[in-house]
Amino acid sequence: MTPMLEIAGLEKNFGDVQVLRSIDLKVARGELVFVIGPSGSGKSTMLRCCNRLEEPTSGSIFIDGRNIMNALSADLNRLRLQTGMVFQGFHLYPHMTVLKNVMLAQTKALKRPKAEAETRAMDMLGRVGLAHKAKAMPTELSGGQQQRVAIARALALDPKVMLFDEPTSALDPELVGSVLKVMKDLNAEGMTMVVVSHEMGFAREAADRVVFMDGGVVVEQGTPDQVFGNPQQDRTRAFLSRVTGAE
Amino acid sequence: MERFLEVFFAPQVFARYAPDVLYAMMTTLWLGLVIILAGIGLGLVLACLRTAQCWWLTLPIVIFADVMRALPPLVLILIFYFGLPGLGLTLSGPLVLFIVLTAVLAAFAEEIFWAGLTALTRGQWEAGRATGLSFFQTLIHVALPQAVRMGIPSLVNRALAITKMTALGSVIGVKEILAVSSSAQAMSGSATPLTMAALAYLAIFLPAVVLARWLERRFSWRV
Ligand SMILES: Nc1ncnc2c1ncn2[C@@H]1O[C@H](COP(=O)(O)OP(=O)(O)OP(=O)(O)O)[C@@H](O)[C@H]1O
Ligand SMILES: [Mg+2]
């Protein structure tokens with residue numbers, strides 16, 4: 001079967017600095033791939049290339065078998081509907097209610113009728129446990145609630161892949177669990193997910209595969225048990241001992 | 001006290017010129033409204049064009065905004081009214097006043113909207129684009145509403161200041177409040193028409209200031 005997401009020979013330069021050097025990664029349908037690596041290793045950049053929020057310097061990105069690097073700009077807007085992205089900083093629209101946040105792209109990008117978009121938004125908010133906050137403004141919510149709304153906003157567009165860039169890094173520790181639970185449920189229902197995060201406990205529990213990046217390359221990958229329990233590369237060992245040592 | 005009343009509130013002068021001043025009030029009012037609408041509208045369009053980030057759009061906009069904000073409006077008004085006819089282009093007083101004040105307000109409004117747009121975090125744009133909205137849709141539905149809200153206090157003050165400048169029309173024969181009442185003052189030899197002018201301005205601007213306060217409160221929201 002074709003992978004849901006395939007990154008092939010991806011390179012990205014910022015000016016003279018090469019941030020990604022020939023990344024290859026396949027993510028199967030329903031798989032949860034967990035990406036770790038030191039700060040500046042290119043994790044966010046790789047994720048952001050997957051919906052061309054960052055323009056790759058070279059390489060291909062296939063979503064469900066379709067190379068999105070060939071898409072022209074109008075097409076690209078449509079293709080971006082297939083990848084949901086969740087940011088570290090939530091980025092809800094502060095001037096709209098929670099419900100409107102989840103409806104906006106449905107009506108404007110997906111061209112769903114308003115009533116249908118609203119029904120769908122309420123479904124998604126229910127799924128992340130926040131249906132009762134539909135009429136609230138984002139600033140009235142806790143960080144964890146805001147992040148769950150952001151997940152609902154992405155899910156409402158029926159994406160094929162969900163990309164998470166450190167979704168819990170900006171949250172108070174006691175709020176992390178609620179977001180991770182939503183993500184676990186989502187994967188259990190069959191969503192394909194790429195998660196950049198430092199929540200190693202979550203990776204052990206929920207990840208199908210762990211990818212370790214350093215210096216713009218994939219250094220090592222395998223099951224959580226393999227990568228955490230028996231890392232093959234020195235760089236992986238050094239990184240893991242640093243992060244677990246710090247905990 | 002009697003003398004004071006006689007100078008500033010002479011009843012027969014009041015009665016004589018009340019219709020003229022009322023008529024002039026209407027002139028000031030509609031000129032002000034049209035200038036505010038056109039100036040803010042134009043400023044909004046210019047700020048939007050600037051988001052395209054092509055230098056051949058940005059450069060003229062920045063030059064326009066800086067020149068219009070730097071020059072005293074009266075200088076522009078005189079140039080337009082007395083200078084342009086030399087080039088064979090004669091514009092009426094009200095039209096000159098409209099053009100110049102609209103341009104000045106547009107320059108300030110553009111800067112205010114632009115400041116709001118640049119104050120937005122990149123994440124707001126990225127959230128829009130990542131959910132499949134086009135650049136234009138993100139601008140209209142995500143970025144602009146926030147920029148407008150951020151700009152409302154300065155915008156309101158600027159709009160009031162510009163509307164008051166319609167008084168400059170008195171030097172080019174626009175029959176607005178100040179022109180009408182100062183000619184009435186000259187004719188009657190009484191200061192009462194000037195009192196009437198002050199009352200007329202208050203009648204227009206006091207409600208406007210209250211409305212401005214309400215707008216500011218209505219559109220400020222906790223971040
Ligand atoms: N817009 C940009 N312009 C220039 N350099 C950039 C830009 N974005 C990222 N970089 C650089 O690219 C490198 C990789 O950044 P990236 O954000 O992908 O790393 P990361 O693995 O996500 O790190 P972190 O764990 O800190 O989020 C860094 O050295 C960063 O400074
Ligand atoms: Mg990052």
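Data for the structure
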| read-out | value |
| --- | --- |
| GNM result for chain B, Cα springs below 10 Å: residue of B:90, B:28, B:192 fluctuating most strongly | B:90 |
| Residues residue B:219 and residue B:187, FRET efficiency given R0 of 60 Å [Cβ-Cβ distance, rounded to 0.05] | 0.85 |
| Residue A:4 long-range amide H proximity, modeled H, under 5 Å | A:27, A:28, A:29 |
| Residue A:88 long-range amide H proximity, modeled H, under 5 Å | A:165 |
| Debye log10 I(q)/I(0) for chain B, one point scatterer per Cα, at q = 0.11, 0.12, 0.14 Å⁻¹ | -0.67, -0.76, -0.93 |
| Segment B:22-136: Rg to Rh, with Rh as the Kirkwood radius over Cα pairs | 1.10 |
| Solvent accessible area, Å² - residue A:44, 1.4 Å probe, full protein context | 40 Å² |
| Normalised alpha carbon radius of gyration of segment B:128-223 [divisor 2.2 N^0.38 Å] | 1.67 |
| Per-residue mean of C-beta atoms belonging to partner chains within 10 Å, peptide A:59-70 | 0 |
| Separation between Cα centres of segment A:155-232 and segment A:86-110, rounded to whole Å | 23 Å |
| Residues with amide H under 5 Å from that of residue A:192, placed H, sequence gap 5 or more | A:30, A:162 |
| Those residues of segment B:183-223 for which accessible area with every protein chain present is at least 10 Å² below the isolated value (1.4 Å probe) | B:221, B:222, B:223 |
| Hz values of 3J(HN,Hα) by residue in segment A:12-22 - Karplus curve (6.51, -1.76, 1.60), Gly and Pro given as x | 9, 10, 9, x, 8, 8, 8, 9, 10, 10, 6 |
| Carbon and sulfur %, accessible surface of the protein assembly as shown computed with the full protein complex present, 1.4 Å | 61 percent |
| Binned Cα-Cα distances of chain A, short to long, each 5 Å bin given as a whole percent | 1, 6, 13, 17, 19, 17, 13, 8, 4, 1, 0, 0 |
| D (Stokes-Einstein, µm²/s), Kirkwood Cα radius, the protein assembly as shown, 1.306 mPa s at 10 °C | 60 µm²/s |
| Using θ = phi - 60° and Karplus 6.51 cos²θ - 1.76 cosθ + 1.60, couplings along segment A:49-61 (whole Hz; Gly, Pro as x) | 6, 5, 10, 6, 5, 10, 7, x, 6, 7, x, 10, 10 |
| Total accessible surface hidden between B and A, rounded to 100 Å², 1.4 Å probe | 1900 Å² |
| Chain A: most fluctuating residue of A:237, A:127, A:80 per GNM, C-alpha cutoff 10 Å | A:237 |
| DSSP H segments from chain B that extend 18 Å or more along their own axis, Cα-based, with Kyte-Doolittle mean of 1.0 or above | B:11-51, B:55-70, B:93-119, B:192-219 |
| Heavy-atom surface of segment B:158-223, accessible at 1.4 Å and reported per residue (Å²) | 54 Å² |
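The values are calculated or read from the model by the stated rules, or taken from the named source; none is laboratory data. Remember, it's a predicted structure, so these values are computed and weren't measured experimentally. Positions of Cβ are generated from backbone atoms using ideal geometry, with glycine treated the same way; all protein chains shown enter the neighbour counts. When the accessible area is computed, the model is the full protein with side chains, heavy atoms only, and any ligands, DNA or RNA have been set aside. Shrake-Rupley method; radii C 1.70, N 1.55, O 1.52, S 1.80 Å.
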